[in-house]
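Nothing in this text is a laboratory measurement; each read-out follows from the coordinates by a stated rule. Small disclaimer: the values here were computed from a predicted structure and weren't measured. All Cβ positions, even for glycine, are placed from backbone atoms using ideal geometry, and neighbour counts span all protein chains on display.
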Amino acid sequence: MNETTMEEKIQRINTLYHKSQAEGLTPSEKEEQARLRKEYIQSIRSSLRSELNRIDIQNEDGSISNLGEEHAKQGD
């Protein structure tokens, strides 16, 4: 299977957006646009979680808390 890069997905999202503004999309293009947007958002969330998991905060009492773990406790 040929995996599409995120750059290519973003480019396709933009192409579909511009087409939707100019002339509208077919039902299959609307489905593709929704799927690509969902994949993009999932990728951004995953990247953010990864970044948060690498950040440690030193509390006033000297203890260390992981920002990703703290965020998960709050229920996202």
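General remarks:
- Against the main long axis of the alpha-carbon atoms of the chain, helix 27-53 sits at an angle near 20°.
- Among the GluC sites (Glu not before Pro) within the range 34-76, those in coil by DSSP and having at most 15 neighbouring Cβ atoms inside 10 Å are GLU60.
- Trypsin sites (Lys or Arg not before Pro) within the range 14-66, DSSP loop, no more than 11 other Cβ atoms inside 10 Å: ARG54
- Close lysine pairs were tallied over the chain: pairs 8 or more places apart or on different chains with Cα atoms under 19 Å apart number 6.
- Gain on full stretching of the segment that runs from GLN21 to ARG45 - 0.36 nm per residue minus C-alpha separation: 5.9 nm
- Additional length obtainable on full extension of the chain from THR5 to GLU31, 0.36 nm per residue less Cα span: 7.5 nm
- Angle of helix 6-22 to the longest C-alpha principal axis of the chain, folded into 0 to 90 degrees and rounded to 10: 50°.
- Computed over all pairs of different Cα atoms, the Kirkwood value for the hydrodynamic radius of the range 6-73 is 14.5 Å.
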